[in-house]
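Here's the structure we're looking at; comments come further down.
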Amino acid sequence: MTAQAHISTRREDRPDVHEMVVIHRVFRREFLAIPALVRRVADGDAARAETVGGHLGLILAGLHMHHTGEDEVLWPLLLERAAPSTGLVETMQVQHHRVDEYAAQVGALLEPWKASPSSLRGEQLARVVEQFAEALFEHLDLEEREILPLVSCHISVAEWDSLGEHGKDSMSARQLPLMFGSILEDADDDERSRMLSHLPGPIRLVMRTIGARQYRRYISRVRAA
């Protein structure tokens, strides 16, 4: 085997870390948009608050699932294998705790606002979501810039693929396909194909057809003026 062929094989065996960039795109898009959606809910409009609040709950659950895989698989493996970068990994863990604290604050404000929406409660919720987003985006930026290169060097394809199996119980059977639809929304053709390739054939077909239509109807209701 030539040196060039050996390098090519090694690259093919590396995890597709760009998947995480595609997933992060969802959190950036939705957590930027949600505060304005919350502020536009009229006083007493519980139906609209349920729609917007349910979407916020969906994206929070998706983030929790995403971070669970990192907490249970990625950080322990990197702490073991990427010794010179353990300080960086510990920083990521601290950032997770900070994001979790903001998520708890959002959750505490969300249900009362959904039950009895008012401008005051909506503004309180929107401001905490904005603070939450600021902390989260700082974390996502650092993860993409510093952690993904470490993943390429120290994490196997099988280990990387296992991240998505952790934390699934944080999402309902209804939420999972909607979250996947949200991931595919801004993906280009190549990204969409790569994300769908992880699904079994029948589920992949459903997500391309019925699932895609369901997501479009869902997100149109969420973003309605």
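Between Leu205 and Leu120, the C-beta separation translates, for a Förster distance of 41 Å, into a calculated FRET efficiency of about 0.30. Name the shape class, rounded, prolate or oblate, that the alpha-carbon gyration tensor gives for the chain, where a ≥ b ≥ c are the square roots of its eigenvalues, rounded holds for a/c under 1.5, and otherwise prolate holds if a/b is larger than b/c and oblate otherwise. Oblate is the answer for the chain, as a/c is 1.5 or above yet b/c matches or exceeds a/b.
So if I place +1 on the C-beta of Lys and Arg and -1 on the C-beta of Asp and Glu, and nothing else carries charge, what would the dipole magnitude of segment 148-222 be about its Cα centre? I want it in debye, nearest 20. Working shown, then result.
On the way: 10 positive and 10 negative charges, 119 e Å.
It works out to roughly 580 debye.
Entry comment: accessible area of segment 160-225 is 60 Å² per residue, from protein heavy atoms only and a probe of 1.4 Å. Estimated at 0.36 nm per residue, the fully extended path between Asp186 and Arg221 surpasses their Cα-Cα distance by 10.8 nm.
With a length cut of 20 Å (Cα positions projected on each helix's long axis) and a Kyte-Doolittle mean of at least -1.0, go through the chain and give me the DSSP H helices that pass. Could you put the intermediate results ahead of the total?
Details: long enough: 18-39 (33 Å, 0.52); 46-69 (34 Å, 0.37); 86-115 (44 Å, -0.27); 119-142 (35 Å, 0.02).
Helix filter hits for the chain: 18-39, 46-69, 86-115, 119-142.
Helical runs (DSSP H, four residues minimum) scored at -39500 (n - 2.57) apiece and divided by the length of the chain put the mean residue ellipticity at 222 nm at -24500 deg cm²/dmol.
Mean separation of Cα pairs under 8 Å and 6+ residues apart, divided by the residue count of the chain: what relative contact order is that in percent?
Numbers: 191 pairs, mean separation 79.1, N = 225.
RCO, the chain: 35 percent.
Mean sequence separation of contacting Cα pairs (under 8 Å, at least six apart), scaled by the length of segment 89-203, corresponds to a relative contact order of 24 percent. In plain terms, the chain from His198 to Arg127 could stretch by 21.9 nm, reckoned as 0.36 nm per residue minus the Cα-Cα distance.
Take the Cα of Ala47, step 7 Å toward its Cβ, do the same at Val94, and the gap between the two points is 4.9 nm. In whole percent, how big is the carbon plus sulfur part of the accessible area of segment 73-124, probe 1.4 Å, protein atoms only? Heavy-atom surface of segment 73-124 belonging to carbon and sulfur, 1.4 Å probe: 55 percent.
Which whole-number value in Å² is the accessible area per residue of segment 6-109, probe 1.4 Å?
Ligands and nucleic acids excluded, the figure is 46 Å² per residue.
Is segment 156-225 rounded, prolate or oblate when judged by the Cα gyration tensor, a ≥ b ≥ c being the square roots of its eigenvalues, rounded requiring a/c under 1.5 and prolate requiring a/b larger than b/c? Note, shape of segment 156-225 comes out prolate. This model, with +1 at the C-beta of Lys and Arg and -1 at the C-beta of Asp and Glu, gives the chain a dipole about its Cα centre of some 1080 debye. Here segment 120-174 and segment 29-53 have alpha carbon centers that stand 22 Å from each other.
Which residue, Thr86, Thr209, Thr68, has the most motion in a Gaussian network model of the chain that connects Cα atoms within less than 10 Å? Taking springs between Cα atoms under 10 Å, the residue moving most is Thr209.
The values are calculated or read from the model by the stated rules, or taken from the named source; none is laboratory data. Predicted model only: the values in this text are computed from it and were never measured. Don't worry about glycine lacking a Cβ; one is built from the backbone with ideal geometry, like all the others, and counts go over all protein chains shown. Note: areas computed on protein heavy atoms with side chains; ligands, DNA, RNA excluded. Shrake-Rupley method; radii C 1.70, N 1.55, O 1.52, S 1.80 Å.
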